[in-house]
1. Only Lys, Arg, Asp and Glu count, each charged at its Cβ (+1, +1, -1, -1), so figure out the dipole size of the range 2-217 about its Cα centre, rounded to 20 debye.
2. With Cβ to Cβ distances under 14 Å as the rule, what net charge do the other residues near Ala553 carry (K, R +1; D, E -1)?
3. List the trypsin sites (Lys or Arg not before Pro) in the range 84-138 that DSSP assigns to loop (not H, G, I, E or B) and whose Cβ has at most 13 other Cβ atoms within 10 Å. Which are they?
4. Just how large is the dipole of the chain about the Cα centre, in debye to the nearest 20, putting +1 at every Lys and Arg Cβ and -1 at every Asp and Glu Cβ?
5. Tell me the Kirkwood radius of the range 256-347: reciprocal of the mean inverse pair distance over distinct alpha-carbon atoms, in Å.
6. For a distance above 24 Å, tell me the whole-number percent of Cα pairs in the range 2-217 that qualify.
7. Going through the DSSP H helices of the chain, which span 24 Å or more along their own axis at the Cα atoms while scoring at least -0.5 as a mean Kyte-Doolittle hydropathy?
8. Do you know the relative contact order of the chain, to the nearest whole percent, from alpha carbon pairs under 8 angstrom that are 6+ apart?
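Read the figures in this text as sums done on the coordinates, not as results from a lab. Just so you know, these numbers come straight off a predicted model, no measurement behind them. When we count neighbours, we look across all protein chains shown, and the Cβ atoms used for this are built from the backbone with ideal geometry, even at glycine.
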Amino acid sequence: MKKENSILESILQDIHMKKPFHVQLPVKNKLVFNKVVPYLFVYRQNDHRDPMLAELVKTEYAHLAIHDESFPAQQWVEPIAQKLVEEFGGCLIVEAWVAPPTQRNDIDIIINRKNIQSVAQYLLKHIQAEHSAMSAEVISSTKSVGPTDTSMLIDFKEKKNSQVQYIGIRVKDTYLHSDHEVLPILLRQFRETLSKSLSRTFFEFIRIHTTAKPTAFKITHPSELAPQVWDIDQKLAKESQRFDFLLLVTPINAHDAWLQFKKDNFRKTPTFQYRPMPIDPDIIKRNLYNLPIEDLYDPTIAYLFRDKRRELDAMMTMLSERGKEGFMLGSLQIFGNVSERLLEKAKAILTITEDEAVWKGNTEDIMDAEEFAALAEQEIKYLKAQHPEFSSTVRLRDDVSGIMVNNGVLNISKQYSLPRNRAKALIQHEVGTHIVTFFNGKQQPFNLFKLGVPGYEKLQEGLAVLSEYLVGELTNDRLRTLAARVIAVHNMIAGNDFLDTFDLLSEHYHFDHHTAFHMTMRVYRSGGLTKDALYLQGLIDMVKYIKEDNDIALLTMGKIRKEYIPIIQELMLKGIVKPPALQPRYLEKPYIDQLESLRKSSGIFQMIQ
């Protein structure tokens with residue numbers, strides 16, 4: 001007993017000092033506070049170990065796993081809870097157990113006090129949001145709460161426990177067969193749904209029922225995450241950086257192919273050449289699926305990594321099929337199809353805008369590649385003034401077509417030229433968006449925010465085109481180009497060949513031959529790349545995002561997609577993800593003022609001049 005008192009005193013002292021600890025409690029029970037928080041998750045395993053709850057308990061900052069049926073839980077939990085109340089003004093005990101077979105819902109949330117009702121409803125809302133097919137309900141009980149045939153963790157009749165709140169989670173184990181064989185995907189869905197929902201509920205409890213601030217419980221050092229997280233992140237990044245997808249699928253002879261196409265009087269499909277494949281896609285796939293992502297207990301981080309692995313897997317399949325029919329099928333999987341609604345908007349833009357060829361002018365109005373590169377260097381200096389670690393490179397190259405940003409480097413074709421009235425827009429598109437989000441993502445703890453989360457291209461390109469509008473250089477010709485790309489992708493998916501799409505753009509939509517060739521080449525490269533339809537869809541989504549009065553600066557924190565925003569906000573709340581380090585010029589005055597008029601606008605058609 002003396003030893004037990006000593007252990008308890010040490011625990012209470014660590015709580016007071018806000019010192020994380022792992023303690024073995026007599027005889028085989030484990031108390032863990034990875035961070036001292038006003039919250040404790042309890043799972044009484046006893047003789048019947050539930051595989052989902054046994055994993056779920058490990059996902060929580062503070063948890064007590066009870067393996068010994070004779071363990072006097074109340075003698076330990078009560079003083080710990082009272083100490084947490086003393087330190088934070090309140091304490092939440094969450095206990096989970098397996099429901100009896102007669103339970104109707106997948107999850108019952110049990111409460112015994114009215115003042116915890118709002119927090120329980122918050123938990124319910126997030127469970128339903130995470131998994132809409134999962135049935136759940138909040139149940140108020142005036143009787144003893146907790147698993148059947150177990151003692152109470154807290155004596156709630158005692159006045160000294162008045163600031164201790166309790167939520168019980170009774171889970172129907174549908175993730176087990178009748179013979180107790182695990183259904184792994186269903187088990188993971190239960191664990192991740194509950195873990196994410198409890199994490200958010202924990203911060204809501206702090207806000208309502210304690211004197212502390214949620215920001216006080218942010219992760220302040222990477223060591224607070226499991227070492228396995230950083231190992232998997234590094235290995236995912238290593239596999240991602242073995243290849244440059246866009247460079248590998250883009251022709252290296254685009255300029256020569258154009259000259260030959262013109263010589264053939266636009267009647268012979270051009271032959272494109274590509275870089276040699278520097279990787280073996282099968283080996284990269286093997287490396288990816290050797291990563292033990294399923295062993296990670298933080299469901300949000302596990303989701304991020306699984307999502308990236310799926311995308312890299314699909315890219316490897318595409319590269320294996322480069323130049324074949326399977327390449328376009330992979331592109332549809334990664335970048336998507338053209339919806340009927342997007343196609344109609346693209347046609348409407350081409351109808352409303354002037355039906356004329358792409359801009360033609362004299363040489364005095366044209367900027368060459370070297371002058372454009374010099375402007376890009378000036379913008380890089382402007383950004384460097386915001387953060388001393390920022391750096392980027394501008395390269396003039398023979399083996400790229402147009403402009404391309406790869407790994408924070410701006411690559412410009414030596415043959416590239418552009419109208420002078422588009423230079424500022426393209427600087428903000430390439431440097432102010434693509435390079436800025438690469439650097440901001442590089443400041444985040446996980447590599448995928450600089451490399452790009454799966455499906456980031458739509459938001460990224462939409463933001464980049466929006467930047468052109470904010471600096472006042474989104475011309476009708478540019479909108480026509482974005483709309484024509486949608487037409488070209490749709491035409492290719494429909495089964496039409498290179499010449500059919502080239503003729504459609506040049507003859508029906510009146511683009512000049514060089515522009516029509518370039519757009520068609522981009523869409524048909526490597527066997528069919530549907531990515532170019534994302535630019536217009538991304539811009540439409542961006543206008544909607546602004547009209548809903550959302551925070552646009554958040555979108556520059558890395559290469560993310562819209563669906564990731566709740567994840568980003570959760571990771572920011574936990575202190576894992578940082579706010580953007582750089583702010584592009586177009587989010588400063590006077591350009592930022594354009595957002596207000598866009599919020600009140602009728603949508604994308606308002607952008608037409």
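1. 700
2. 0
3. Within the range 84-138, the qualifying trypsin sites (Lys or Arg not before Pro) (loop, at most 13 other Cβ atoms within 10 Å) are Arg104.
4. Using only the charged Cβ atoms, the result is roughly 1000 debye.
5. Averaging 1/r across every pair of different Cα atoms and inverting gives 16.7 Å.
6. Cα-Cα pairs of the range 2-217 separated by over 24 Å account for 39 percent.
7. Qualifying helices: 184-209, 299-320, 476-493.
8. Relative contact order of the chain: 12 percent.
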